[in-house]
Amino acid sequence: MNNTAQPQAHCHEPVVTLAGVSFSYEGKQVIRDLNFNVLQRDFVGLAGSNGAGKTTLLRIIVGLLKPEQGEVRLFGEPYSSFRGWNRIGYVPQKNAFNPLFPATVREVVLSGLYGRNKLFKRLTAADTRKCEDALEIMNIADLADRRIGQLSGGQQQRAFLARALINNAELLILDEPTAGIDAETQEGFFELIRHMHQHHAITFLMVSHDIDMLEDYMGGGPEQVCGKLKFYVRHTHEPQNCSETRLHVSGGTKREKIEVRG
Ligand SMILES: Nc1ncnc2c1ncn2[C@@H]1O[C@H](COP(=O)(O)OP(=O)(O)OP(=O)(O)O)[C@@H](O)[C@H]1O
C-alpha cells in the first residue's frame, strides 16, 4: 500500500479529491502529503488509531479547516469556488452535539434545508412534506416532537441522517456515527447505512473504529494507508449501475421506508 491516488479504470467521477494535502496544528503535523479520491458511489471507511487525524481530515474536506498545503476539490470544483454545499451532508462526532440544545427532532431535521445564509428562510408546504418524508424514511416519525437531547444515541444519529437526506445529499460524511452506541443498535445502524449506499446511490465517507465491519463490507484490508490513516474502500465501478435512481425525498422517484433495528 502506498500514499498515492492510483489512476483507476472507473466509471464514476471523483466526489472528493485530496491532492498533496498536509495539515498541522501549531507546528505539529497531523496529515502529510495525502493524495486520495473518493469516487461517486464509493463507500470509504476511514480508520486509524486515536489522534491519527481522521476528524481533522473530515473537517478539512467540509471546509472547517484549511490545509497548509495541497488542494481539495469537491465534485470536481476547487474548494474556493465550490457552492454546492447542499450536495454534502456532514454529521460530526456525537460528542460535538450539545444535549441541552433546545430543539425538537423535527426542527433539527428541518434545519437541513437552511443553506449557509438562509437561517431565517420561511418554510413552505413542500419543505414540511420533505421533512415528514425524511422522518418516515428513517423510521423516527413518532419521535418528531421530542427534544433531540432526549433521544438515544442511535435515534439521534437517525435524526441527523434525516437532516442530511432532506436536501438529497449526494455525499454523506459521518464521523464515528456509532460511537457510544450498543452493539445491537450499531448493527441496525450499519444495516441502514449499507442499504442507503447500495440502493440509493449515495457516496459515503465514514470514520469508524469497527475494523471487522469495515473489512466485512469492503471485502478486505485498507486500499490505501497514509501515515496512521487507513482508507477502506468499496467501489462501485459497474457502469450499468450508474442509472440507478437516487433516493429523493418528495418530488423524487422513489420513497422507501427503511426497516432496521435499533
Ligand atoms: N484544535 C486542535 N488544536 C491542537 N491540536 C489538535 C486540535 N484538534 C486535534 N488536535 C490534535 O491533532 C491530532 C489529530 O486529532 P483528530 O481529532 O483529527 O484525531 P482522530 O483520528 O479523529 O482521533 P480519535 O479517533 O481519537 O477521534 C491529535 O493529536 C489531536 O490531539
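The values are calculated or read from the model by the stated rules, or taken from the named source; none is laboratory data. Computed from a prediction, not measured in an experiment: that's the story for all the values here. Here the Cβ positions follow ideal geometry from the backbone for every residue, glycine too, while neighbour counts run over all protein chains shown.
Things to note:
- Filter result for the condition that a residue is within 16 Å of the ligand (Cβ to nearest atom), assigned to a loop (DSSP other than H, G, I, E, B), in contact with a strand residue (DSSP E or B) (Cβ under 9 Å, 6 or more places away or on another chain) and at pLDDT 90 or above, over Pro222, Pro177: Pro222
- Some residue of region 182-199 being at pLDDT 80 or above, in contact with a strand residue (DSSP E or B) (Cβ under 6 Å, 6 or more places away or on another chain) and buried (at least 21 other Cβ atoms within 10 Å of the Cβ): no
- Scanning region 60-75 finds one or more residues that are in a helix (DSSP H, G or I), modelled with pLDDT of 95 or more and either of a type in the set (A, V, I, L, M) or crowded, with 20+ Cβ neighbours inside 10 Å (or both).
- Residue that is among the basic types (Lys, Arg), in a helix (DSSP H, G or I) and in contact (Cβ under 8 Å) with a residue 60 or more places away in the chain, where the choices are Arg158, Arg163: Arg163
- Set Asn37, Asn50: member being more than 13 Å from the ligand (Cβ to nearest atom), within 21 Å of Gly227 (Cβ to Cβ) and not small (Gly, Ala, Ser): Asn37
- Positions within region 143-157 being of a type outside the set (S, T, N, Q) and farther than 24 Å from Arg194 by Cβ, in sequence order: Ala144, Asp145, Arg146, Arg147, Ile148, Gly149
- Residue satisfying condition, being farther than 14 Å from Gly112 by Cβ, surrounded by fewer than 19 Cβ atoms within 10 Å (Cβ to Cβ) and touching a Lys or Arg at 6+ places or on another chain (Cβ under 9 Å), within set Asp145, Asp175: Asp145
- The residue pairs whose first member lies in region 28-43 and is touching a residue at least 24 places away in the same chain (Cβ under 8 Å), whose second member is acidic (Asp, Glu), and whose beta carbons are closer than 8 Å, counting only pairs six or more residues apart or on different chains, are Leu39/Glu13; Gln40/Glu13; Gln40/Glu170.
- Enumeration of residues in region 205-222 that are among the charged types (D, E, K, R), surrounded by 14 or more Cβ atoms within 10 Å (Cβ to Cβ) and over 19 Å from Pro92 (Cα atoms): Glu215
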